[in-house]
Amino acid sequence: MGMHIVKRENLPLWQKVCLYVGAVAAALLLGAVLLLAIGVDPIAYYNRMFTLGTVGNPIAYKVYANYLADLVPLVLTSLALSLAFKMKFWNIGGEGQFIMGALATAVVAIKLGGVLPTAVVLILMCLAAMVAAGIYGLIVAALKVKFGTNETLLTLMLNYVALYLLTYLMETKVPWNFLLDPTAVRPVPQSFDKMVKFPSIPLVGKFSLNVCVIFVVLIGLLIHVYLRRTKQGYEISVVGDSAGTARYAGMKVGPIVLRTVFLSACLIGLAAAFKVGSTGILSTTITEDVGWTGIIVAWLAQLNTWAIFLVSALVCVLHYGSTVAAATFAQVDSSFANMLQGVILFLVLAADFFTRFRVVMVKKGGSDHGNG
Amino acid sequence: MKKILALVMAMVLVLGLVACGETGAAGSNEEGLSAQTLKVGAIYINSKNDTAGYTFAHHSGITAAMKELGMDTEKQLFIVDEVPEKKDDVLAAVDTLVGNGVNIIFGISFGYIDAMEEAAAEYPNVIFSHGTGYKSNETNFNNYFGRAYQARYLAGIAAGLKSLELGNNNVGYVAAHTTDYAETASGINGFALGVQAANPNAKIYVKNLNNWADEVNEKAYAEELINSYNCGVISQHCDSAQPQIAAQTAGVFGCGYNSDMTPDAPKAHLTAAIWNWNVYYRTAMEAAIKAGTADKFVATMGTSAYYGGLKEGFVDVSPLSENCAENTDKAIKAVKELIISGEWDVFTGVKLEIAADGTVTQKDAALESNGFQHKDGDFKVPMENVEVVAAGGASVEDGVITGTMNYLVAGVEEV
Amino acid sequence: MTEEYAIQLSGITKAFGSVVANKNIDLNVRQGEILALLGENGSGKTTLMNMLSGIYQPDSGTIRVNGKEVSIHSPEDAKRLGIGMVHQHFKLVDVFSAADNVWMGREKAGFRLKRNRYAEMEAIAKKFGFDIDPRKKVCNMAVSEKQTLEIIKVLSYGAKIIILDEPTAVLTVQEIQKLFTVLRKMKDEGHSIIIITHKLGEVMEISDRVAILRKGEYITTVNTAETDEQALTEWMVGRKVDLNIDRPAMEKTKPLLELRDVCIRSDEGTTAIDGVSFYIRGGEILGVAGIAGCGQKELCEAIAGLRPIEKGQMIHKGDNIVGLPPRVILEKGISMSFIPEDRLGMGLAPSLSITDNMLLKNYADAKGPFVDRKQGRADAQQVIRELEVVTPSTETPVRRLSGGNVQKVLLGREIKAGPNVLVTAYPVRGLDIHSSYAIYDILNRQKKDGVGILFVGEDLDVMMALCDKILVLCHGKVMGVVHAHKTTKEELGLMMTGSLDLTNKYEDKPAGIAKDSLFGDGQQKVEG
């Protein structure tokens, strides 16, 4: 018997769903074995994980708020990445762009918070973040358009430039560094949530909805329309599919690439503004890896706008739920929770592979002369 | 796809409603807490399954204290670990713990400070206790730390006597940080003063790791202190036993930190400044039970800033090893008594003189810095007044030791 | 009995996903014969041969070599069994010399380069009558030389069974003759040769027997001497086919598009088109013949405005169009449908639907920020109806369509734009006979409507039947423009290799410049 891999054409939707569900089930089963091995009841653990620990929780409303706070930057970043990916521009620089956006947000908030009306400051924070992140992405796009450089490498490297800049600013206690709290002896980031913060709307009971959630849903809607209906969205599809064809159709491919990457990076900046503007403080781990996770989400969602919402929601359940569940079980630390998350994502990605390809077993008849 | 999404959203909201309706007051504290009903929450910087280091020390302290009180660490302890020093992450961890109905939350890392303060205001029915910090309120929020400088002073005596015996006045110190943190500065100073009490001619060389845990450099820096600065005794303020192991390899001696490091370097280790975290955790848990409600916690503790030392047994030195110089035992015992009785403390205008036979005498002498202080990101800003405490003067304030000590005492050199 | 056969395939089946490429195929190859494997594109010829050479494994069925049943898992296995294949796309290392390429692939090459490798290779070349320099680097070789090298490679590994996949596609008429001489010599040495092709003339000329595949199924094997082209076609296509291509006579208009002394650079910066002049009138089809890669691609791109013109003039209806952006050139009515090797690289966006592809050139005309998909859908429906495109719906991605339907969609869109000049490159590449004829019909209809057509083609037989005039390129230079009905394949072949230059055939009129040129007007306009 031998096997080889064959590309699949269109798999029916129900089969795809079955594959994904099967992958998650397999991962959970594997996780259950591991949990049993360390003496934890898997059913109780999963119960806690998938309910996000809300059952019997006196402050469940906080859980939803925290969950949504995790979700907002991830959805927006994934949406933004999908724009660039649709054009086959492999923007791996979500982290770097997010950091640049976060820095710009903090600068505006600290310098203008309390000086100008809150609404104005919030808008300026968003704009500053979008411009900062947008330009950071634009650098790579410009180099690609002008010199044909590889965007994957450059965006990846710029991630680290941004990260070390942020780390430097967060750890260097000097008089000019207004990003740190001047009253603290140690390098502590300056908190500005008292001065300016995205408001929450009281909804049901004690649950209040951060306005950013509403913005993200609206942005999702706009992106959907932008990609599906507008001329610019059409241009993105054509350039992504075949740059030669786009050029032939009279599209200015260079400017389209610049425009789309700028937009993509801008939205990542906006995600950073939402994040920083909601927590009211900067830190070296502000991105929470959304730049990386966003790539997985966009890929799993096959760049479909609404699927991105769904996949992000599930990834966040996984992420948040495993932290919550780990708190209740002494044997489970967050490393284990992370590992379980990894197993689930890995198997789902494997399922994703099997929706695109399939393995064929080959029967070999007769005697073997060549031994290949 | 839209429908699925709408469904998910709707489900989330409905769940939210149900959960919100279930119970009224958040984190409600029933009257009459007991060791059997107290629920403890903890937020750790590293994994709760660590087997060494900072988080391990606290986790051991909390579980030891709970066992002393007859509590069940599986059912009554809730932990969110690997929480970075990031406000929203800490707040989310607090939410998770409060959601589990805990009565008291210990946050062990300094960077949790603002989040702990905010959470204390948000959840007045839960006690917040923050390790190494300096913020607090009048009701349900305190901070705790220990007079590690006292233990280091004792270790310094062992090192000073050893240096006399060796006839080598150079003592090394591998430091996580130096003057940028009062905690590290006071540790270095306490140790240096202890060394000088035994050997007034000693010189203390400090190397700054700029990192709380960095095993590779902990070893390398110790080696450098031994090889380039000819140090005969190596002390440390860092997590691993690497400096002690380096000392043993080079045939010199050392004082460890956090735990008794004699097993790690039996031929080099003298004694270590150690923490008994369970002392505080037990005190805090007992206070929480006694207070009944969270708002009375600070009053029950008597202070919003717990600062235990040798007296409480919160800090100490590990049993002296055979490597110690003669009469070390006697000298340390005498000084310990002076400190526990409250007759004398380290950062005062009175210096101790320890004779070779281990007898201790007191002498008025000014406490002087080495002439520099840490200010505005610059490590070496000249100090206008080198004299910190005049001869015969009282000890510096606790607030200085925990918050603003940004200088090293005379005889210490940062290299 | 079985000893008579070099190869026996029985019951071979191979599927890719849901597509069955080979279904229960039986095929025998005798010792020392040339067997032509005939079939249309997509009939499964290459797949079948790839199983012999170890690239694929059959899903079921048996392979016998010299009577012994074998299974071939890899090209190395095939090599050991004495089977060698010369692929359409050569597998050579460009920076190595000919001899090094041969040496490199050897079973036991050893660690050290042997000095005698040049002599060894020369010996093989001499034996079979190849003309090749063992020291020449592959990157400096012409296509025919590379092919020769591939054959030598296979022979030097001791292959007794040699498979050639469409070997004549890249060769000129003269080179084909040379190749055939070599093949006959190899046959005389006792080699068995399988030659994959879909050109009937060559089949008749070179093969001893012909095996025919159709849509993945084995049809029959016949002795070449006992059959004719018509019969082979019917087996290949499955029904009677009229092999004649129409060439309607039209009233020609004044020149629509004129090029004068045009120079164009390739991507690498070398001169791809060197001082080319020609013109196209309305109502005529001008063929462009030449060996692959002699400047056709660059010429097409330059006309469409996608590639800068270094030197020279390009006049459309008297207006200079050099340096205009692609969109403006489109608006002037010059349409291009260029199908490169991968068929979908230019002119179509393969993952997008037919509707979206219809919109490609006019999406920007819609008012407001939105794309007018209604119009696109209507256009798609019209093209599907009029050109009989086989597709599940207008929303099917173009890459799911078969080759012929892709071509129809592409041409349909170009024609819908109502062009006056239509540039089309390799429009029937990879198509079956029926689809090819459908494309010829479409082009002829355009011609009747007065459109000037530039037809860049490969098959000289087709070009001689379809085109009015044929322009021959060799290394970016025009070798002359000939009347299609007056020329011969041999003449074209000589021109393609540069051995015959007819540019100055008529002393009164240099080739490529129209008597009634509008060039003068254009020049004044440019200068004014």
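Among the numbered criteria (1) in contact with an Asp or Glu (Cβ under 8 Å, 6 or more places away or on another chain); (2) modelled with pLDDT under 95; (3) over 16 Å from A:F198 (Cβ atoms), which one does A:E95 miss?
So the condition that A:E95 fails would be (2).
Which count do you get for residues in the range B:306-319 that are over 16 Å from B:G342 (Cβ atoms) and either in contact with a Gly (Cβ under 8 Å, 6 or more places away or on another chain) or outside any strand (DSSP E or B) (or both)? Give the steps one after another, and end with the answer.
Start the filter on the range B:306-319 by keeping residues that are over 16 Å from B:G342 (Cβ atoms), which leaves B:306, B:316-319.
Right, trim to either in contact with a Gly (Cβ under 8 Å, 6 or more places away or on another chain) or outside any strand (DSSP E or B) (or both) and you get B:318-319.
Matching residues across the range B:306-319 total 2.
Quick one: which of B:E223, B:E165 is free of Cβ contacts under 8 Å to residues at least 40 places away in the same chain, in the same structural domain as B:P382 (by TED's automatic domain parsing), in a helix (DSSP H, G or I) and of a type in the set (D, E)? So that I can check it myself, show each step before the final result.
On the way: B:E165 fails: free of Cβ contacts under 8 Å to residues at least 40 places away in the same chain.
None of the others qualify; the one that does is B:E223.
(1) basic (K, R); (2) over 24 Å from the mean Cα position of the chain (by Cα); (3) within 13 Å of another protein chain (Cβ to nearest Cβ): which one isn't true of A:K197, the others all being true?
Answer for A:K197: the failing condition is (2).
Of all the residues that make up the range C:183-218, how many are of a type in the set (A, V, I, L, M, F, W, C) and surrounded by fewer than 17 Cβ atoms within 10 Å (Cβ to Cβ)?
Within the range C:183-218, the subset of a type in the set (A, V, I, L, M, F, W, C) is C:183, C:186, C:193-196, C:200, C:203-204, C:206, C:210-213.
Subset that is surrounded by fewer than 17 Cβ atoms within 10 Å (Cβ to Cβ): C:204.
The total comes to 1.
State yes or no: is A:V238 among the β-branched types (V, I, T), outside any strand (DSSP E or B) and either more than 27 Å from the chain's Cα centre (by Cα) or within 9 Å of chain C (Cβ to nearest Cβ) (or both)?
Details: among the β-branched types (V, I, T): yes; outside any strand (DSSP E or B): yes; either more than 27 Å from the chain's Cα centre (by Cα) or within 9 Å of chain C (Cβ to nearest Cβ) (or both): yes.
Yes, satisfied.
Considering A:N210, A:N177, which residue is farther than 30 Å from A:T54 by Cβ, within 13 Å of chain B (Cβ to nearest Cβ) and either touching a helix residue (DSSP H, G or I) at 6+ places or on another chain (Cβ under 7 Å) or at pLDDT below 90 (or both)?
Working: A:N210 fails: farther than 30 Å from A:T54 by Cβ.
Matching residue, one of A:N210, A:N177: A:N177.
Please count how many residues of the range B:38-88 are in a helix (DSSP H, G or I), at pLDDT 90 or above and facing another protein chain (nearest Cβ under 7 Å).
0
Which ones in the range C:131-145 are surrounded by 19 or more Cβ atoms within 10 Å (Cβ to Cβ) and part of a helix (DSSP H, G or I)?
Residue satisfying the conditions is C:S144 alone.
Is it the case that some residue within the range A:270-282 is buried (at least 18 other Cβ atoms within 10 Å of the Cβ), in a loop (DSSP other than H, G, I, E, B), in contact (Cβ under 8 Å) with a residue 12 or more places away in the chain and of a type in the set (S, T, Y)? Let's see the steps before the verdict.
Taking the range A:270-282 first, the residues buried (at least 18 other Cβ atoms within 10 Å of the Cβ) are A:270-282.
Subset that is in a loop (DSSP other than H, G, I, E, B): A:280-282.
Pick out the ones that are also in contact (Cβ under 8 Å) with a residue 12 or more places away in the chain and you get A:280-282.
Adding the requirement that they be of a type in the set (S, T, Y) leaves none.
Within the range A:270-282, not a single residue is buried (at least 18 other Cβ atoms within 10 Å of the Cβ), in a loop (DSSP other than H, G, I, E, B), in contact (Cβ under 8 Å) with a residue 12 or more places away in the chain and of a type in the set (S, T, Y).
For the range B:41-70, which positions are free of Cβ contacts under 8 Å to residues at least 60 places away in the same chain and not polar (S, T, N, Q)?
Filtering the range B:41-70 down to residues free of Cβ contacts under 8 Å to residues at least 60 places away in the same chain leaves B:46-51, B:55-56, B:59, B:63, B:67, B:70.
Correct list: B:K48, B:D50, B:F56, B:H59, B:K67, B:G70.
If a residue must be farther than 14 Å from B:G190 by Cα and within 14 Å of chain A (Cβ to nearest Cβ), how many such residues does the range B:381-415 contain?
The number of residues fulfilling the criteria is 4.
Can you report the number of residues in the range C:78-106 which are of a type in the set (D, E, K, R) and either closer than 17 Å to C:F130 by Cβ or not in a loop (DSSP other than H, G, I, E, B) (or both)?
Residues of the range C:78-106 of a type in the set (D, E, K, R): C:79-80, C:91, C:94, C:100, C:106.
After this cut, where a residue has to be either closer than 17 Å to C:F130 by Cβ or not in a loop (DSSP other than H, G, I, E, B) (or both) as well, the list is C:79-80, C:100.
Going through the range C:78-106 one residue at a time, the tally reaches 3.
Sort out which residues of the range A:56-88 are of a type in the set (G, A, S) and modelled with pLDDT of 95 or more, and write them in order of number. Steps first, please.
To start, the set of residues in the range A:56-88 that are of a type in the set (G, A, S) comprises A:56, A:60, A:65, A:69, A:78, A:80, A:82, A:84.
Answer for the range A:56-88, where residues must be of a type in the set (G, A, S) and modelled with pLDDT of 95 or more: A:S78, A:A80, A:S82, A:A84.
Give the residue that is farthest from the other protein chains (Cβ to nearest Cβ), with candidates limited to residues of the range C:43-55 that are surrounded by 20 or more Cβ atoms within 10 Å (Cβ to Cβ) and in a loop (DSSP other than H, G, I, E, B).
Per the criteria, the residue is C:S43.
Among the candidates B:T271, B:T303, which residue alone is over 30 Å from B:A35 (Cα atoms), not basic (K, R) and not in a helix (DSSP H, G or I)? Full working, then the answer.
Numbers: B:T303 fails: over 30 Å from B:A35 (Cα atoms).
Just a single option satisfies the conditions, and that option is B:T271.
Regarding C:G61, is this residue part of a strand (DSSP E or B), surrounded by fewer than 22 Cβ atoms within 10 Å (Cβ to Cβ) and either of a type in the set (G, A, S) or within 14 Å of another protein chain (Cβ to nearest Cβ) (or both)? Working first, answer last.
Details: part of a strand (DSSP E or B): yes; surrounded by fewer than 22 Cβ atoms within 10 Å (Cβ to Cβ): yes; either of a type in the set (G, A, S) or within 14 Å of another protein chain (Cβ to nearest Cβ) (or both): yes.
The answer is yes for C:G61.
From (1) in contact with a helix residue (DSSP H, G or I) (Cβ under 9 Å, 6 or more places away or on another chain); (2) surrounded by fewer than 21 Cβ atoms within 10 Å (Cβ to Cβ), pick out the condition that doesn't hold for C:A380.
So C:A380 meets the others, but not (2).
Looking only at the range C:268-289, count every residue that is on the phi < 0 side of the Ramachandran plot and in a loop (DSSP other than H, G, I, E, B) and tell me the total. Even if it seems obvious, please write down each step before you answer.
Residues of the range C:268-289 that are on the phi < 0 side of the Ramachandran plot, as a first pass: C:268, C:270-274, C:276-282, C:284-289.
Narrowing further to those that are in a loop (DSSP other than H, G, I, E, B): C:268, C:270, C:282, C:284.
Qualifying residue count for the region: 4.
Within the range B:288-307, is even one residue closer than 25 Å to B:T178 by Cβ, surrounded by fewer than 19 Cβ atoms within 10 Å (Cβ to Cβ) and among the acidic types (D, E)? Walk me through it before giving the result.
Filtering the range B:288-307 down to residues closer than 25 Å to B:T178 by Cβ leaves B:305, B:307.
From what is left, the residues that are surrounded by fewer than 19 Cβ atoms within 10 Å (Cβ to Cβ) are B:305, B:307.
Filter again for among the acidic types (D, E), leaving none.
Within the range B:288-307, none of the residues are closer than 25 Å to B:T178 by Cβ, surrounded by fewer than 19 Cβ atoms within 10 Å (Cβ to Cβ) and among the acidic types (D, E).
Identify, by number, the condition in (1) polar (S, T, N, Q); (2) surrounded by fewer than 22 Cβ atoms within 10 Å (Cβ to Cβ); (3) part of a helix (DSSP H, G or I) that C:S393 doesn't meet.
The failed condition is (3).
Taking A:D289 as meeting all but one of (1) touching a residue at least 60 places away in the same chain (Cβ under 8 Å); (2) closer than 30 Å to C:S337 by Cβ; (3) of a type in the set (D, E, K, R), write down the number of the exception.
A:D289 satisfies all of (1) touching a residue at least 60 places away in the same chain (Cβ under 8 Å); (2) closer than 30 Å to C:S337 by Cβ; (3) of a type in the set (D, E, K, R) except (2).
Among the listed residues B:H269, B:H237, identify the single one that is under 20 Å from the mean Cα position of the chain (by Cα), in contact (Cβ under 8 Å) with a residue 12 or more places away in the chain and buried (at least 24 other Cβ atoms within 10 Å of the Cβ). Lay out the reasoning, then the answer.
Numbers: B:H269 fails: under 20 Å from the mean Cα position of the chain (by Cα).
The match here is B:H237.
Every residue in the range A:203-216 that is surrounded by 15 or more Cβ atoms within 10 Å (Cβ to Cβ) and β-branched (V, I, T), please.
Correct list: A:V204, A:V211, A:V213, A:V216.
Identify, please: which residue in the range B:329-371 is closer than 17 Å to B:G190 by Cα and hydroxyl-bearing (S, T, Y) and is, among those, surrounded by the most Cβ atoms within 10 Å (Cβ to Cβ)?
B:S369
Scan the range C:353-405 for residues that are away from every other protein chain (no Cβ under 13 Å) and hydroxyl-bearing (S, T, Y) and jot them down.
Matches in the range C:353-405: C:T391, C:S393, C:T394, C:S402.
The values are calculated or read from the model by the stated rules, or taken from the named source; none is laboratory data. Please read these numbers as outputs of a predicted model, since none were measured by experiment. Every residue, glycine among them, receives a Cβ derived from its backbone with ideal geometry; neighbour counts consider all protein chains shown.
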